[in-house]
Structures are given as structure tokens and as C-alpha cells.
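Undergrad: One structure is given below, represented as C-alpha cells, and several questions about it will come after.
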Amino acid sequence: MTKSSTRVAIGLAAGASILAIVAPAAAQQGGADDIVVTAQRNNQTKVTAGGNAGVFGAKAAEDIPFNIRSYNEALILNQQPDSLGEVLENDPTIRTALGFGIAGEVFVIRGFDLSSDDVGFDGLYGITPRQIVAPELASSVQVINGASAFLNGAAPGGSGIGGSVNILPKKAERDVIRATLGYTSASHLSAAVDVARRFGADDAWGLRLNASARRGDIAIDDEFHSSYVLGATLDYTSGPLRAALSLNYQRLNQTNWRGQVGVGALIPRAPDADTNYSQPWSQILTKDYFGTFSVEYDLSDAAMLYAKVGARDGREDQTTASITVANAVTGAAIGAGSYVPREDNNESATAGIRIKLEGGGVSHEINAGVAVNWQLNRNAYDFDFVGYATNLYDPVVAPRPAPNQFVGGDLDDVFPISRSRLSSVFVSNTLGFWDDRILITGGLRLQEIKTTSYSYADGARTGGYKESAVTPVIGLVVKPVEGVSLYANRIEGLIAGATAPAGYDDDNNPLTEPLVVVNGGAALPPVKSKQYEVGGKLNFGRFNAGVALFRIDKPNSFVDPVTIVFGNYGTQRNKGVEITLDGEPVDGLRIISGLTILDAKLRRTEAGLNEGNDVVGVPELLANANIEWDLPFLPALTLTGRVVYTGQQAANATNTLELSSWTRFDLGARYVAQVGQTPLTLRFYVDNVADKRYWATAYNAFSAFGTRLLQGGPRTFKASASIEF
């Protein structure tokens, strides 16, 4: 941390202290302590037990046989996250990695990847900006643990086997005008304005305008981030009709961005937490225009029609500077660059009906509808095959690689490389017995996955895929007493099947010809994972608690060494236990906590290699505790703290490499002062207080390129001031 940034942090802290001294007098003079109390209540970081459960709509957690929770807008405002991954650091069942060669985040849920491409926005796939999402646009971040091919449909990016994440846009829930100034070390400054108004007869109309700008270096040496975000949501609620239009723009820029580190036979010691082994010429610039329009209409008290459409146009210009460590002791490494421009044009839509019936002591909630998602990807690439010498511990500034070394596509005018269409029809019925204290759900979704690929050389069609599958769901909820909900489910995940390779190298000898695969070029049917889960939820008003035991089996594909036929022969089996606890057990003390125990194994592997081994990048234990405490002797002051623990994880398929467990501590404080008749909220937060250096995750989805490690972030100071009118 530089001297200038230290002075800024100390200055902000000193300013907060002065205001903390004078504010109580101002509040007493104004005679309106309720202003501070209301502001404190609005600032509380909370988790809601429930959320948008896909085809079932908005549901309380106790009424559905799935593990679901939502993180509120105040959490985002208080913690000043730079990305969606920093929001989900609060979740005890999720850890964040980076995708291969990109800055896009990958969320590991129940030991399976959820790529940033497959994060939902307002319940629709393909609408969320790819790679990085600016958290300022979200009113809520919702998490569903477990497979969700019936709930949301198959994720178009081919991930989401272990869970899903959905972002809800901001709406005018209450009248507010809020201005916020912020600082993040080393020299990252931000400003935001948030305006919400209800108007018209009976406040039927609502308008929420949300704008933010962030710019400057972050705590990693010389890494620069900028973010410009604009969001607007217009909604209407009157009588049987509800409608909302959300339009958003996001422009993000990261230069000298630190990516993953490739390793070989040994894992090197992690360098200082703020070390940047990237290059000044590395950059990712993204621009996205995206939005949704939704409408609901009550045909009667027992029937509702709904429809939702969304679209996104996005552009990426990405120049990478990745390194692979050649000597784990000295840190000597080889760097390589690439340039990948990309454009996306996506649309998504869903429509359906929900009907509630009752008779003979049995209730029915029937859901039926259709959904479709279109995605068009244009991209090109220019890879550096020469490389440059550098060092993990003493990085070298190297010139940008010469262009046009290994090019695919048109770098100046990208053309289509892939198209996809995912369409489905679904129907479900939830039967309620014993005054809905027993709920039995059954449903089917018929899904079709259609993809087309094109040549990087001339844009000619090179292949296609069109297959369909039925993904069922069976669920049970039993509520024996008030506040207790026991549940079980059997549900599936769905991704497109792999395409068989033309050749198979049976001896790993590059000098011999590979064998011809019998079904080379054939597309396998969609891959269906199977999940079995039982659990329980407690809701005692002040707090929520939950426990879930699950098993997920996902087929893996490879060439059978005997028949030389490509197929889904292997299995990855992930088993685990999730325990979550959140709420306010006593006045003024709020907790978000939990732990996850995971056992992810490879089964029926190719030629028995790595049979029974741990899956790469899946920690054996996750634990989080996030605490807020309103001091009883100074109720305007809130102390905050968070601890994040991640257990050991395998770093290669043979399990000869392993990442050590790590623990990170974060601390902060929040103070609400009264200025005139308006509340002023001052926040100060420190991530990674001890400046611990550690490898956070291992990732080798593309095993041919070896294991990639992601380093945890350095100590980061954050401060902000928000005033509401």
C-alpha cells in the first residue's frame, strides 16, 4: 500500500471519527433519533430464506424442496464489492475461481463449476454480462444449491450442475435519493447516485435510476479497474396487472489484470499478496447493453399468466498476459499473450400459467409454460507462441507480443463462430395435504439443445448438434410444526453431450499415429446429472437455519481403450453436507454463517487411471462467518467482521499436488450520523486484514494445459460515505 493511499485511508477514518463525535449532538438537537434508527435498519446486511425458484416463481424457502437463499442490496452497498464473486464470498457453500485465460469468474457450487456466462438475470439465461458483473446493478443475489435443469432449464454455457445464481435488478421498493462516495486502496475512487420514486394513483408506478462510476488502481500492484454503470427500471402494479422494464448499460475496463498461474510438477510458494505478475499491456474491456421486460396478469385469485423477455448485446476486447511457472523454487516462469475480440447477441424468453386449485382436502399448484434461449457468438483469436521470460516473485515487464502469430477468425470484424438455441416446455403440479403441511411436487421439462459451429478460417459451417432430453423433478416438503420444514428432492442437471474426437492416442506417444475413433465426429446425447438430496430448514423469526445432505452423479466422457468408442463411461460423484445459519438471534447481533463438507471423487475412469481420486479444485471443507454488531452503548455504530475458511483441495487429477487450507479475516465498521434531517452512513472495511498470501483455488477444466492456480487478494482498505434525502 502506497503512502498516498495510506494517507487517504487515515483521512477517511479520521473524518468518520470526527463525525461520530459530533453526530449524536446533532441528532439530539434535531430531536429525530428515528432517522438514525431507520437508516440503521435499511443498512442491515441480511439473507432472505427464499427467492425466485424458476418455474415456481417467488417462494419462501420453507415451501420448496430446495436449498435457496438471497443476499440483499444492503450487503452490496456495505461491502463495496468489485464483482459478483466478492458478493458470493459471503456464502459458505461457494468459492470463486477464474475461467481459463479470461477474467470471467467461475463459481464452484457443490464441487461443480457455474461459469459467469450461466448466471441468470431476472430469471433469464444469457442476459447477464459475460465474465464480470458490476454488483451495483443488483437488488438481490439469489443462490439455489443443486441441479436446476427443471427449475431454470439447461444453462446455455454448459455449466450449473451444482447450483445456480440469479441477479435481480433494482426496483423502486421505497422512495429514496442516495449519493455515495467511495475509496478502495490503492487509489480506486467511486461515486454513485441511486434514485427511486413511486408515483401515480395508489403509487402504481415506480421508477428506479441507478448510476455509478469507479476508477483507479486496486490493491494489486499497478492493476487498474474502471466501471461505468447505468440502470433504469420502470414498473407498474395496479389491480391484476404487474409489469416491469429494466434497461442496463455496463462498461468495464481492467488493465494489467492478474490472472491465474500455471504450475507443473510442484506448487510454488505464493508470492506477496499484492504481487502482479501480469503485464501493463494486458487488458479486458467489456461493453454490455442488456435488459428484461416482464408482465404478470391475474386471471382470477387462482390463476395467473406471465411472460418475460430479455436481450443482451455485448462486446469484449481482451488481451491476456498469463504465466506458467517452470521452476517452483526460483519462480522462473514463461509468459504468453493473446488477443481475443468477441461479440455476443443473446435473446431469452419464457411464458406460462400458474393455477391454484383446491378440493377434497387436497390443494394443487399447477405450473405450465415454455422457454427459449438464443445465443450468437462472434469471436477471433491471436495467440502468442513465442512467449517471454519472467518470474513469479520478481516479475519482468516484457514488450507486447508481435501480432498475427497464430490467428483464427477476423480480428477486425469478428464473424459468427457458434449459435445455440435451447428450447423447452414444462409442466408441474404441487399437491398439498394436511392444510399444505405436506407438499408433493412432480414435474417434467422436455428440452432441446441445438448448436451450430463455424470455421475460424472462413466462417463456413463445420458442425451441428440437435438433441433433446426430458428432465424430471420429484420433491417432498413436510412441515410438522410451525417453523420446521423437512424436504427431499430428486432432480437432474443437463448439458450438451460432447462430440467424439477423430483420433485416440492409446500410448501417449506423439511419434505414433493415433487410432481412429469408431464414432469419431458423432455428438453424444445430452448429459444428465442426477441429484438426490434430503434436508431440513428452521425459521424461528429471528433466524434461519438449514441442513442439506446431497449426492450428485455426473457422467464423464472418454474413448474406451478397448472398443475405441467415445461415450459417457465415467462418473464424477460429489457428496456433501451443507449447514447454513443466518439471522438476528439477539437484538443488534446479525450473523451469516455456515459450513460445507464435500467429498468429490472420480469413478469408472479411463483405463482405471485416477480411479477414486479427489476432483481438482473441490475443497474438502468450506466455512464462513459474517457478523454485524450494533453496539448497545452507541447504537449508531456497527462493528463488522468476517472469517472465510477453505480446506485442502487437489491441484491435479493424479492427486500428487495439493493446495493447503487457508483462512482469511476481514474487519469493518459502519456509523450512521444525522446531518440536518438526513442520515449519513460512513463505512470502513478491510479485506484480508493480515495481508495473507495464499493460493485460493486450483482449476484445470482444460487439463491439457495443466493446473492453473488463482491467488487470493491482498489487504484492501475500503471506505464510503452515503447520504440519503
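Undergrad: Give the number of residues within the range 608-636 that are surrounded by 14 or more Cβ atoms within 10 Å (Cβ to Cβ) and over 24 Å from Glu89 (Cβ atoms). Please lay out each step first, then the result.
TA: So the first thing to find is which residues in the range 608-636 are surrounded by 14 or more Cβ atoms within 10 Å (Cβ to Cβ), and the list is 610, 613-630, 635-636.
After this cut, where a residue has to be over 24 Å from Glu89 (Cβ atoms) as well, the list is 610, 613, 635-636.
Total satisfying the criteria: 4.
Undergrad: Separate question: For the range 254-276, does any single residue satisfy the condition of being surrounded by 17 or more Cβ atoms within 10 Å (Cβ to Cβ), closer than 20 Å to Ala138 by Cβ, hydrophobic (A, V, I, L, M, F, W, C) and out of contact with any Cys (no Cβ under 7 Å at 6 or more places or on another chain)?
TA: Checking the range 254-276: not a single residue is surrounded by 17 or more Cβ atoms within 10 Å (Cβ to Cβ), closer than 20 Å to Ala138 by Cβ, hydrophobic (A, V, I, L, M, F, W, C) and out of contact with any Cys (no Cβ under 7 Å at 6 or more places or on another chain).
Undergrad: Could you tell me whether the range 151-163 includes any residue that is crowded, with 24+ Cβ neighbours inside 10 Å, over 15 Å from the mean Cα position of the chain (by Cα) and among the hydrophobic types (A, V, I, L, M, F, W, C)?
TA: yes
Undergrad: Hey, another quick one. At pLDDT 85 or above, touching a Gly at 6+ places or on another chain (Cβ under 8 Å) and within 30 Å of Phe426 (Cα to Cα) - does that describe any residue in the range 80-97?
TA: Yes, the range 80-97 contains at least one residue that is at pLDDT 85 or above, touching a Gly at 6+ places or on another chain (Cβ under 8 Å) and within 30 Å of Phe426 (Cα to Cα).
Undergrad: Moving on. Being surrounded by fewer than 19 Cβ atoms within 10 Å (Cβ to Cβ), without any contact (Cβ under 8 Å) to a residue 40 or more places away in the chain, touching a Leu at 6+ places or on another chain (Cβ under 7 Å) and in a strand (DSSP E or B) narrows it down to one of Ala213, Ala191, so name that one.
TA: On the way: Ala213 fails: touching a Leu at 6+ places or on another chain (Cβ under 7 Å).
Answer to the selection: Ala191.
Undergrad: For residues that are small (Gly, Ala, Ser), surrounded by fewer than 23 Cβ atoms within 10 Å (Cβ to Cβ) and within 24 Å of the chain's Cα centre (by Cα), scanning just the range 220-243, find the one that is nearest to Val309 (Cα to Cα).
TA: At the first step, the residues of the range 220-243 found to be small (Gly, Ala, Ser) are 226-227, 231-232, 238-239, 243.
If we keep only those that are surrounded by fewer than 23 Cβ atoms within 10 Å (Cβ to Cβ) too, we end up with 226-227, 232, 238-239, 243.
Add one more test, that the residue is within 24 Å of the chain's Cα centre (by Cα), and what stays is 226-227, 232.
Values: Ser226: 30, Ser227: 26, Ala232: 16 Å.
Residue satisfying both the conditions and the ranking: Ala232.
Undergrad: Take the range 33-65 and flag every residue that is touching a helix residue (DSSP H, G or I) at 6+ places or on another chain (Cβ under 7 Å) and among the acidic types (Asp, Glu).
TA: Answer for the range 33-65, where residues must be touching a helix residue (DSSP H, G or I) at 6+ places or on another chain (Cβ under 7 Å) and among the acidic types (Asp, Glu): just Asp33.
Undergrad: Can you confirm whether the range 333-342 contains a residue that is surrounded by fewer than 18 Cβ atoms within 10 Å (Cβ to Cβ), part of a strand (DSSP E or B) and under 27 Å from the mean Cα position of the chain (by Cα)? Lay out the reasoning, then the answer.
TA: Residues of the range 333-342 surrounded by fewer than 18 Cβ atoms within 10 Å (Cβ to Cβ): 334.
Applying the additional criterion that residues be part of a strand (DSSP E or B) yields 334.
Okay, now just the ones that are also under 27 Å from the mean Cα position of the chain (by Cα), so none.
No: zero hits.
Undergrad: Still on this structure, I have one more. For the range 419-451: of the residues being free of Cβ contacts under 8 Å to residues at least 40 places away in the same chain, assigned to a strand (DSSP E or B) and more than 27 Å from the chain's Cα centre (by Cα), which is surrounded by the most Cβ atoms within 10 Å (Cβ to Cβ)? Quick ask: steps written out before the conclusion?
TA: Going residue by residue through the range 419-451, those that are free of Cβ contacts under 8 Å to residues at least 40 places away in the same chain are 434-435, 440, 442, 446, 448, 450.
Retained after the next criterion (residues that are assigned to a strand (DSSP E or B)): 440, 442, 446, 448, 450.
When the remaining residues are screened for being more than 27 Å from the chain's Cα centre (by Cα), the result is 440, 442.
Working: Ile440: 16, Gly442: 13.
The qualifying residue surrounded by the most Cβ atoms within 10 Å (Cβ to Cβ) is Ile440.
Undergrad: Moving on. Only residues that are more than 28 Å from Gln711 (Cα to Cα) and either among the hydrophobic types (A, V, I, L, M, F, W, C) or in a helix (DSSP H, G or I) (or both): list them for the range 59-73, please.
TA: Ala60, Ala61, Glu62, Asp63, Ile64, Phe66, Ile68
Undergrad: Would you say Thr605 is surrounded by fewer than 21 Cβ atoms within 10 Å (Cβ to Cβ), closer than 30 Å to Thr563 by Cα, β-branched (Val, Ile, Thr) and in contact (Cβ under 8 Å) with a residue 24 or more places away in the chain?
TA: Numbers: surrounded by fewer than 21 Cβ atoms within 10 Å (Cβ to Cβ): yes; closer than 30 Å to Thr563 by Cα: yes; β-branched (Val, Ile, Thr): yes; in contact (Cβ under 8 Å) with a residue 24 or more places away in the chain: yes.
Yes: the conditions hold for Thr605.
Undergrad: Show the residue pairs meeting these rules: Cβ distance below 6 Å; 6+ apart or different chains; first residue within the range 588-600 and farther than 30 Å from Thr38 by Cα and touching a residue at least 24 places away in the same chain (Cβ under 8 Å); second residue charged (D, E, K, R) and in a strand (DSSP E or B).
TA: Qualifying pairs under 6 Å: Thr596/Glu578; Asp599/Lys575.
Undergrad: Right, Thr656: hydroxyl-bearing (Ser, Thr, Tyr) and assigned to a loop (DSSP other than H, G, I, E, B) or not? Spell out how you get there, then give the answer.
TA: On the way: hydroxyl-bearing (Ser, Thr, Tyr): yes; assigned to a loop (DSSP other than H, G, I, E, B): yes.
Yes, satisfied.
Undergrad: Sticking with this one: Could you tell me which residue of the range 452-461 is farthest from Asp413 (Cα to Cα), considering only residues that are free of Cβ contacts under 8 Å to residues at least 24 places away in the same chain and surrounded by fewer than 14 Cβ atoms within 10 Å (Cβ to Cβ)? Outline the logic, then answer.
TA: Taking the range 452-461 and keeping what is free of Cβ contacts under 8 Å to residues at least 24 places away in the same chain, we get 455, 458, 460-461.
Those still in the list that are surrounded by fewer than 14 Cβ atoms within 10 Å (Cβ to Cβ) too: 458, 460-461.
Values: Asp458: 12, Ala460: 16, Arg461: 18 Å.
Among those that are free of Cβ contacts under 8 Å to residues at least 24 places away in the same chain and surrounded by fewer than 14 Cβ atoms within 10 Å (Cβ to Cβ), it is Arg461.
Undergrad: Restricting the search to the range 511-540, which residues are touching a residue at least 12 places away in the same chain (Cβ under 8 Å) and of a type in the set (A, V, I, L, M)?
TA: Of everything in the range 511-540, those that are touching a residue at least 12 places away in the same chain (Cβ under 8 Å) and of a type in the set (A, V, I, L, M) turn out to be Leu515, Val516, Val517, Val518, Ala522, Ala523, Leu524, Val527, Val534, Leu538.
Undergrad: Continuing with the same structure: Could you list, in sequence order, all residues of the range 570-605 that are assigned to a strand (DSSP E or B), over 14 Å from Ala548 (Cβ atoms) and among the acidic types (Asp, Glu)? Can you show your working first?
TA: Residues of the range 570-605 that are assigned to a strand (DSSP E or B), as a first pass: 570-586, 589-603.
Still in the running and over 14 Å from Ala548 (Cβ atoms): 570-573, 582-586, 589-593, 599-603.
Of everything in the range 570-605, those that are assigned to a strand (DSSP E or B), over 14 Å from Ala548 (Cβ atoms) and among the acidic types (Asp, Glu) turn out to be Asp582, Glu584, Asp599.
Undergrad: Could you please find all residues in the range 92-121 being in contact with an Asp or Glu (Cβ under 7 Å, 6 or more places away or on another chain) and farther than 25 Å from Arg312 by Cα?
TA: Thr93
Undergrad: Return yes or no: is Val484 over 28 Å from the mean Cα position of the chain (by Cα) and either farther than 30 Å from Asp382 by Cβ or surrounded by 17 or more Cβ atoms within 10 Å (Cβ to Cβ) (or both)? Please lay out each step first, then the result.
TA: Details: over 28 Å from the mean Cα position of the chain (by Cα): yes; either farther than 30 Å from Asp382 by Cβ or surrounded by 17 or more Cβ atoms within 10 Å (Cβ to Cβ) (or both): yes.
It is true that Val484 is over 28 Å from the mean Cα position of the chain (by Cα) and either farther than 30 Å from Asp382 by Cβ or surrounded by 17 or more Cβ atoms within 10 Å (Cβ to Cβ) (or both).
The values are calculated or read from the model by the stated rules, or taken from the named source; none is laboratory data. Because the structure is a prediction, the values reported are computed rather than measured. Every residue, glycine among them, receives a Cβ derived from its backbone with ideal geometry; neighbour counts consider all protein chains shown.
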